[in-house]
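Since the structure comes first, as structure tokens, the remarks are kept for the end.
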Amino acid sequence: MKLADHPSTTVEVPVRADRADLWTLITDITLPTRFSRELIGAHWLDEPGPGARFIGISEHPRIGQWEILNHVVIWEPLQAFGWATVDPDRPGASWTFEVEPTVLRYHARLGSGPSKLAQAISRYPEQEELIIERRLGEWRDNMQAVVNGIKDLVEGVA
């Protein structure tokens, strides 16, 4: 597994909810902070919509805290919301929520643009596969916690 291959991960949960309710939750960029162990804050720089920008604030025990600029690259009301980090044409990562009639899906893909992961790989190129595998596992755990939390909220469990 190489960064140049743009590895990805996807999680999903079955959900019983109105698409409009799910749309409201997935486009609330602060909501994942309730469930993620890494994302600790987010705020819009522009009015939410296609091409809008927001700042995400993350924290990791091995990396520390950082802020990253994100660009909305997918805005399909009631269906999909996605963003790319730093440079939408060459992102360090891209993220997408997809809403289907009975499924909420969350997808993340590593890019070739600037990122903390790319920095780590440049320092330890012989460990690239291990670094990517570990990072995708961390993402997957946090992403699953987020979709589970959204499911609980929209179904009235939380």
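The values are calculated or read from the model by the stated rules, or taken from the named source; none is laboratory data. Since this is a predicted model, take the numbers as computed values, not measurements. Every residue, glycine among them, receives a Cβ derived from its backbone with ideal geometry; neighbour counts consider all protein chains shown.
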Have a look at 101, 88 and point out the one that is in a loop (DSSP other than H, G, I, E, B) and either in contact with a helix residue (DSSP H, G or I) (Cβ under 7 Å, 6 or more places away or on another chain) or more than 16 Å from residue 17 (Cα to Cα) (or both). 88
Going by the conditions given, is residue 93 farther than 23 Å from residue 152 by Cβ, buried (at least 16 other Cβ atoms within 10 Å of the Cβ), among the hydrophobic types (A, V, I, L, M, F, W, C) and touching a helix residue (DSSP H, G or I) at 6+ places or on another chain (Cβ under 9 Å)? yes
Checklist (1) in contact with a strand residue (DSSP E or B) (Cβ under 8 Å, 6 or more places away or on another chain); (2) closer than 18 Å to residue 40 by Cα applied to residue 149, failing item: (1)
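Taking the residues in segment 46-62 that are not basic (Lys, Arg) and not in a loop (DSSP other than H, G, I, E, B) as candidates, determine which candidate is farthest from residue 31 (Cα to Cα).
In the first step, residues of segment 46-62 are kept if they are not basic (Lys, Arg); the result is 46-52, 54-61.
Pick out the ones that are also not in a loop (DSSP other than H, G, I, E, B) and you get 54-60.
Details: 54: 14, 55: 14, 56: 12, 57: 13, 58: 14, 59: 16, 60: 18 Å.
Here the answer is 60.
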Report every pair of residues separated by at least 6 positions or lying on different chains whose Cβ atoms are under 9 Å apart, first residue within segment 139-150 and farther than 11 Å from residue 37 by Cα and modelled with pLDDT of 95 or more, second in a helix (DSSP H, G or I) and not charged (D, E, K, R). 149/31; 149/32; 150/22; 150/25; 150/26; 150/31; 150/32
Show the residue pairs that are 6+ apart or on different chains and have beta-carbon atoms under 8 Å apart, the first residue being within segment 106-130 and assigned to a helix (DSSP H, G or I), the second being among the charged types (D, E, K, R). 117/135; 121/128; 128/2; 129/2
Can you find, within segment 1-45, the residue that is nearest to residue 101 (Cα to Cα) among those that are among the polar types (S, T, N, Q) and not in a loop (DSSP other than H, G, I, E, B)? 24
